[in-house]
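Participant: One structure coming up, written as structure tokens, with questions to follow.
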Amino acid sequence: MDPWVVMRHRLNEAQWFKRLRDSRALYIGKRLYQRYMDDDVGMLAAAATYYLILALVPFMIFLFNIILFVAASQIDTVLRYMQYLPGDVPATLAPVVTDIIEQRSTTVLSIGLLLALWSSSKGIDTLIRATDIAFQTGKNVQSYIRVKTKSILFTLLIVGTMLASLGITVFGNLIVKTFMGVLGLTKEFLFFWRIGTYLIPFVAMILVLAVFYRYAPRFVEHEGRTPWSHTLTSAAIVTTIWVAMTGAYGFYVSNIANMGATYGSLVGLMILFIWLNLTSLIFIMGAEFIAAFDDMHLFFTVPRRKDYQTEDFRIV
């Protein structure tokens, strides 16, 4: 008998291999790979990156004019957060931010701001279409007006969340320092509070992503929306992966890669484009993860559903 056949038979009979083969982790990994290939996620991420690049400057115009209008004294805090972007990206964006600050006016705020909002929402349009594909409802299942309305609302939500995070961080520090002696707050509390201020943007991003994954796509009516537990879990995983990717990519660019020798003065733009592409890929895969998570839930908890009992879904 062929030794490979014997080895395969013994492996299939091993209890540990059976548990691994039938595990939920392996199932969801297989489904993620299948979805990545079937939905051509790489191409979707490339398309989203293109529109995010076009929408980046309008979004910055909208964001910084709003900040200058409601919290001009804290613009340095925003610029400090930008330093966490990888490589030469902060230096590349610095001239754009400087021009926005120097050229601000009531005219830009009243008229140009609306145009900037409309233009900056184009990147969100593409991500919404991508989530429709991820949840297998079709690329153009939602009308243009519906998608544009959602994209504008999500753009406003992102800006509002950033402003809220900024306000909590800045004014929270001010309140804590002011009442530190009155309330008898210890230095240890102040230390943990400072750590908490870095977690505020992290938690805010999780909540925004959860809302996006739940309401951006159009779900099949008889299946309903994904439960909050699934979207929050997926949003937390996506946010963690995105933060880790940003840090690892920044370390790679700064300490390993010699991109300056290849791209010269364009190195900042190339780093930004690659980072946006990786960001788009991670966010779209977040939607694919939710869909795969739903598949896993149905496969393991509703065993009599024939559409989830095909051989293609089995781990073999």
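Participant: Quick one: in region 122-142, of everything that is at pLDDT 85 or above and of a type in the set (S, T, N, Q), which residue is surrounded by the most Cβ atoms within 10 Å (Cβ to Cβ)?
Facilitator: Thr131
Participant: Among the residues of region 144-168, count how many are hydrophobic (A, V, I, L, M, F, W, C), buried (at least 18 other Cβ atoms within 10 Å of the Cβ) and more than 10 Å from Val208 (Cβ to Cβ).
Facilitator: 2
Participant: When you check Met259 against the structure, is it at pLDDT 75 or above, closer than 30 Å to Val96 by Cβ and hydrophobic (A, V, I, L, M, F, W, C), yes or no?
Facilitator: Taking the combined requirement at face value, the residue does not satisfy it.
Participant: Hey, Thr169 hits all of (1) modelled with pLDDT of 70 or more; (2) assigned to a helix (DSSP H, G or I); (3) hydroxyl-bearing (Ser, Thr, Tyr) but one; which does it fall short on?
Facilitator: (1)
Participant: Within region 37-77, take every residue that is among the acidic types (Asp, Glu) and at pLDDT 85 or above and give me the one that is surrounded by the most Cβ atoms within 10 Å (Cβ to Cβ).
Facilitator: Here the residue is Asp39.
Participant: Residues in region 176-207 that are surrounded by 13 or more Cβ atoms within 10 Å (Cβ to Cβ) and modelled with pLDDT under 70: how many?
Facilitator: Qualifying residue count for the region: 3.
Participant: So, Leu93, is that one within 22 Å of the chain's Cα centre (by Cα), surrounded by 17 or more Cβ atoms within 10 Å (Cβ to Cβ), aliphatic (A, V, I, L, M) and at pLDDT below 75 or not?
Facilitator: No.
Participant: Please tell me if Phe273 is in contact with a Leu (Cβ under 7 Å, 6 or more places away or on another chain), modelled with pLDDT of 75 or more, of a type outside the set (A, V, I, L, M) and closer than 22 Å to Tyr50 by Cα.
Facilitator: Spelling it out, it is not the case that Phe273 is in contact with a Leu (Cβ under 7 Å, 6 or more places away or on another chain), modelled with pLDDT of 75 or more, of a type outside the set (A, V, I, L, M) and closer than 22 Å to Tyr50 by Cα.
Participant: State yes or no: is Ala45 closer than 22 Å to Phe135 by Cβ and assigned to a helix (DSSP H, G or I)?
Facilitator: Yes: the conditions hold for Ala45.
Participant: Between a first residue in region 124-153 that is under 16 Å from Arg35 (Cβ atoms) and in a loop (DSSP other than H, G, I, E, B) and a second residue that is modelled with pLDDT under 90 and basic (Lys, Arg), which pairs have beta carbons less than 6 Å apart while being 6 or more apart in sequence or on different chains?
Facilitator: The qualifying pairs are Thr137/Arg218; Lys139/Arg129.
Participant: Mind checking which pairs have a first residue in region 27-48 that is touching a residue at least 60 places away in the same chain (Cβ under 8 Å) and more than 24 Å from Leu276 (Cβ to Cβ) and a second that is part of a helix (DSSP H, G or I) and acidic (Asp, Glu), Cβ under 7 Å, 6 or more apart or different chains?
Facilitator: The qualifying pairs are Arg31/Asp295.
Participant: Looking at Ile67, is it over 16 Å from the mean Cα position of the chain (by Cα) and either on the phi > 0 side of the Ramachandran plot or touching a residue at least 12 places away in the same chain (Cβ under 8 Å) (or both)?
Facilitator: Against the criterion (over 16 Å from the mean Cα position of the chain (by Cα) and either on the phi > 0 side of the Ramachandran plot or touching a residue at least 12 places away in the same chain (Cβ under 8 Å) (or both)), Ile67 qualifies.
Participant: Report yes if Phe154 is aromatic (Phe, Trp, Tyr) and either touching a Pro at 6+ places or on another chain (Cβ under 9 Å) or modelled with pLDDT of 75 or more (or both), otherwise no.
Facilitator: Against the criterion (aromatic (Phe, Trp, Tyr) and either touching a Pro at 6+ places or on another chain (Cβ under 9 Å) or modelled with pLDDT of 75 or more (or both)), Phe154 qualifies.
The values are calculated or read from the model by the stated rules, or taken from the named source; none is laboratory data. Values in this document were obtained by computation on a predicted structure and should not be read as measured data. Backbone-built Cβ (ideal geometry, glycine too); neighbour counts: all protein chains shown.
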